[in-house]
Amino acid sequence: MNINELLNIKYPILQGGMAHIATGEFAATLSNAGALGTIGSGGMSPQRLKREIEICQSLTDRPFAVNLMMLRPDIREIIDIVLESGVKIVTAGAGSPGPFMKELEEAGILVFPVISSPIQAKKLSKYKLGGIIAEGMEAGGHIGEMTTMVLVPQAKEATDLPLISGGGIASGKQMLAAEILGAQGVQIGTAFLLTEECPIHEEYKKSLLKATASKVTTVGNINGLPMRILKNNMAREYKKLEKEESNIETLETFTVGRLREAVVNGDVINGSVMTGYTVGQLDRILPVKDFIEQILGEYEEAKKCLLK
Ligand SMILES: Cc1cc2nc3c(=O)[nH]c(=O)nc-3n(C[C@H](O)[C@H](O)[C@H](O)COP(=O)(O)O)c2cc1C
């Protein structure tokens, strides 16, 4: 079965769940445009998640997903809300969905864990999953070590499950490349930040529009929580702390609330402006629908060229 049939979507494009950004309204916009919208539960209280799911359900009758952060301390409550609200698809990052697989499966929920190495794909294949999202380190936000180019084919070898490729995809050529590497669909985060409907502060969008790929960096290597963000005061300070070999607690405390500062208050100097490398190829803000039409048009063009 292809991914469109499995997820009941028109186009094989998943919107990445993005903490503090991917609201119910934004997810509904994506789903109404034919992709799979995703509510990012990261940074939401269980009550807020419940409200955002209700908002999404009131704005679309198309399928949508909820992104779960498996290691959060109140994950039990979050899972209960997902089960009670009739959510049908979840993506699962920051930890394994293993402990909850039985009940999610019994509720008929399709689970798509996000993985960053082939071994994770292999280990998770023992569960009855909807599929696997292999996310390369070109992506924005928290990242692994492998690039999409090497991760996707190795993940494909490691599992027979439907495979989605994320990280570094914002054009039709990149979408086609993902397919050639073995993916049945793509997950996109960064490019959706630069859409009219994306509910991030205007300053966040402006700083992404201005940025080239050389303005993108990684912090958090030392405490095992690497993340891709724009170079700014926050990134500089963080790297300084890393060089001073500050303890993990100091580093973790330093980042608390920084993404929210950038997303909600528009502090792009001291906030965490998460973005992937595709920011270097994005130079305008489009309505979601137009971006989707654009990437699909480019994909068809690229495919024609390949077949010539
Ligand atoms: C600002 C931002 C926040 C993100 N937050 C999350 C998150 O909360 N949970 C998650 O699983 N992935 C998160 N991601 C990763 C996306 O879901 C997606 O996999 C990734 O952005 C795809 O790569 P791209 O940025 O190159 O398009 C985030 C990405 C960005 C850019």
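What the table shows:
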{"item": "Total charge dipole magnitude, the stretch 241-293, about the Cα centre, Cβ charges on Lys, Arg, Asp, Glu only, Debye to nearest 20", "result": "260"}
{"item": "Karplus-derived 3J(HN,Hα), 6.51/-1.76/1.60, for each residue of the stretch 27-39, Hz, glycine and proline x", "result": "4, 5, 4, 5, 5, 5, 8, x, 8, 9, x, 9, 7"}
{"item": "Segment Gln47-Lys102, extension gain: residue separation times 0.36 nm, minus the distance between their alpha carbons", "result": "17.4 nm"}
{"item": "Nitroxide proxy distance, nm - points 7 Å out along Cα→Cβ at Lys240 and Ile180", "result": "4.5"}
{"item": "About the Cα centre, charge dipole magnitude for the stretch 1-136 (Lys/Arg +1, Asp/Glu -1 at Cβ), debye", "result": "360"}
{"item": "Electrostatic dipole magnitude of the chain [Cβ: Lys, Arg +1; Asp, Glu -1; Cα centre; debye, to 20]", "result": "540"}
{"item": "DSSP beta bridge pairing in the stretch 134-243, given as percent antiparallel to the nearest 5", "result": "55"}
{"item": "Above-threshold pairs, the threshold being 26 Å between Cα atoms, out of Lys123/Lys239; Lys50/Lys102; Lys173/Lys205", "result": "Lys123/Lys239"}
{"item": "The chain, accessible surface, carbon-and-sulfur percent (1.4 angstrom probe)", "result": "53"}
{"item": "DSSP-defined beta bridges in the chain - what % are antiparallel, rounded to 5", "result": "20"}
{"item": "Three-way shape label, the chain, alpha-carbon gyration tensor, a/c 1.5", "result": "rounded"}
{"item": "Label point at Glu157 placed 7 Å out along Cα→Cβ; residues across the stretch 114-151 whose backbone nitrogen lies under 12 Å", "result": "118-119, 150-151"}
{"item": "For the stretch 1-130: rounded, prolate or oblate by the Cα gyration tensor [a/c cutoff 1.5]", "result": "oblate"}
{"item": "Computed E for Lys10/Lys128 - FRET, C-beta separation, R0 25 angstrom, nearest 0.05", "result": "0.45"}
{"item": "Burial ranking of peptide ranges 297-305, 53-61 (average Cβ count within 10 Å, highest at the top)", "result": "53-61, 297-305"}
{"item": "Residue-span extension gain [Gln294 to Val264] - 0.36 nm each, minus C-alpha spacing", "result": "8.0 nm"}
{"item": "Per residue solvent-accessible surface (Å²) - the chain, probe of 1.4 Å", "result": "46"}
{"item": "Distance from the stretch 91-124 to the stretch 134-181 (C-alpha centre basis), Å", "result": "17"}
{"item": "Label point 7 Å beyond Cα of Asp61 along Cβ direction - residues of the stretch 4-24 with amide nitrogen under 18 Å", "result": "8-10"}
{"item": "Projected label distance in nm at Thr212 and Lys308, using a 7 Å step from Cα toward the beta-carbon", "result": "2.9"}
{"item": "For the stretch 33-75 and the stretch 231-298, distance of Cα centres in Å", "result": "21"}
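The values are calculated or read from the model by the stated rules, or taken from the named source; none is laboratory data. Please read these numbers as outputs of a predicted model, since none were measured by experiment. Note: ideal-geometry Cβ built from the backbone for every residue, glycine included; neighbour counts use all protein chains shown. The protein model used for the area step is the full one, side chains on, heavy atoms only, and it has no ligands, DNA or RNA in it. Shrake-Rupley method; radii C 1.70, N 1.55, O 1.52, S 1.80 Å.
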